[in-house]
Number of protein chains: 6
Amino acid sequence: MPYVTVKMLEGRTDEQKKALVEKVTAAVSETTGASKEKVTIFIEEMSKKNYAVAGVRESDK
Amino acid sequence: MPYVTVKMLEGRTDEQKKALVEKVTAAVSETTGASKEKVTIFIEEMSKKNYAVAGVRESDK
Amino acid sequence: MPYVTVKMLEGRTDEQKKALVEKVTAAVSETTGASKEKVTIFIEEMSKKNYAVAGVRESDK
Amino acid sequence: MPYVTVKMLEGRTDEQKKALVEKVTAAVSETTGASKEKVTIFIEEMSKKNYAVAGVRESDK
Amino acid sequence: MPYVTVKMLEGRTDEQKKALVEKVTAAVSETTGASKEKVTIFIEEMSKKNYAVAGVRESDK
Amino acid sequence: MPYVTVKMLEGRTDEQKKALVEKVTAAVSETTGASKEKVTIFIEEMSKKNYAVAGVRESDK
């Protein structure tokens, strides 16, 4: 605890994802008081075909 | 806001998914009073190997 | 199947939520080909204290 | 109802997943009083690149 | 890992929830090979006003 | 996009939650390249009665 899920479009590099989990873990630990060892992160990547704002999918723009 | 997630078995066509996000966005906007621009939709597709009802996976039927 | 989750700020009336599930169920059934009986909807209501865009919670605006 | 989601690293065999849904359905039915027919299970499999504890992804260990 | 979420209508007793997490943890551990210490369970309870099948909320039946 | 969900036990102060969304938004923006305006955060708070590790709920410890 805490458990963090980051949902975003696919396409980030492996280096970006590595940095993401490091920085988000630090931010969560610092502000909640939980130790870093207790912070879990899940990355969920979406296809542009499965994400829509205002009724239009990213892949249809 | 609102954020809508539609979880379903994979296999719908691209046209079906396009229509799905259009119609669901309209339904949500009309009934909640949120403008269409504020409605976000995520489609999550499942494999039959990862979905079970009554203890039996769809792929084992 | 399908399973639909609608996440939104608390404050909608009971009538709005009733209409929401009716209209969204119809939209999902019509566009995916699933019968209405197969459509499940979950409404998740958030407090303004637990929702932030651009780093600012709705309750801090 | 109930709806159960099991999130785990990819790599389990098909036999393991088949047994998982059988046993979890039985456990949920027995303890909640819901009939087995009412229990739905979703398996979500994660890549080691998308799962981190303590700021380090499983794939970076 | 694994992480299990059980979503159900509110109203189960504390004893039922205690038994639920024990039995589900055992079932997941036995079938996935993960040790019990690695199994995390989240219970999410829904109001009848926020759950609908076939376009009708449980509270409107 | 991205959408971040932080799930944790209830009990954090309002100031902690305010700082959490600020810092996490900055961390996500910096590492993914998304502008801060595009980062959405949801906080989900759990009761100790609904969270278990190793088959034992936090409230039963």
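Shielding value for B:27-37 is 6, the average number of Cβ atoms from other chains within 10 Å of each residue's Cβ. Per-residue ellipticity at 222 nm for chain E, helices alone: DSSP H runs ≥ 4 residues times -39500 (n - 2.57), over residue total, nearest 500 deg cm²/dmol? Helix-only estimate at 222 nm: -10500 deg cm²/dmol. The GluC sites (Glu not before Pro) found in chain B that occupy coil by DSSP, while having at most 16 further C-beta atoms within 10 Å, are B:Glu10. Residue-level result for chain C: its Cβ closest to the axis carrying C onto E, with that distance in Å, is C:Glu44, 5. Think of chain B as having a plus end and a minus end, set by charges on the Cβ of Lys, Arg, Asp and Glu; of B:Ser47, B:Val28, B:Thr13, B:Ser47 sits farthest toward the positive end of this dipole. Modelled spin-label separation between A:Asp14 and B:Ala19, with each label point placed 7 Å from Cα along the Cα-to-Cβ direction: 4.2 nm. Across the copies of the chain, F:Val56 has label points (7 Å from Cα along Cα→Cβ) spaced 2.7, 3.9, 4.6, 4.6, 5.6 nm apart, shortest distance listed first. 3J(HN,Hα) along segment F:2-9: x, 10, 10, 10, 10, 9, 8, 5 Hz, from the Karplus curve 6.51 cos²θ - 1.76 cosθ + 1.60 with θ = phi - 60°, whole Hz, x for Gly and Pro. Could you tell me which of rounded, prolate or oblate describes the protein assembly as shown, using a ≥ b ≥ c as the square roots of the eigenvalues of the alpha-carbon gyration tensor, with rounded for a/c under 1.5 and, failing that, prolate when a/b is larger than b/c and oblate otherwise? The shape class here is rounded. Using a cutoff of 8 angstrom between alpha carbon atoms and counting only pairs six or more residues apart, the relative contact order for chain D works out to 44 percent. Centroid-to-centroid, using Cα positions, segment E:9-61 and chain A are 25 Å apart. Label-to-label distances for C:Gln16 across copies, nearest first, come out at 3.1, 3.1, 3.2, 3.5, 4.6 nm, using points 7 Å from Cα in the beta-carbon direction.
Applying 1/(1 + (r/R0)^6) with r as the Cβ-Cβ distance of F:Glu58 and D:Met1 and R0 = 25 angstrom yields a FRET efficiency of 0.55. Label-point spacing for E:Glu30 across the identical copies (point 7 Å from Cα in the Cβ direction), in nm and ascending order: 0.6, 4.6, 4.8, 4.8, 4.9. Charge dipole (Cα centre; +1 on Lys/Arg Cβ, -1 on Asp/Glu Cβ; no other charges) of chain C amounts to roughly 140 debye. Close Lys pairs in segment A:3-60, defined as Cα atoms under 20 Å apart and 8 or more places apart or on different chains, number 12.
None of the figures in this text is laboratory data; all of them are computed from the coordinates on show. Because the structure is predicted, anything quoted here is derived from the model rather than measured. Note that each Cβ is placed from the backbone with ideal geometry, even for glycine, and that neighbours are counted across all protein chains shown.
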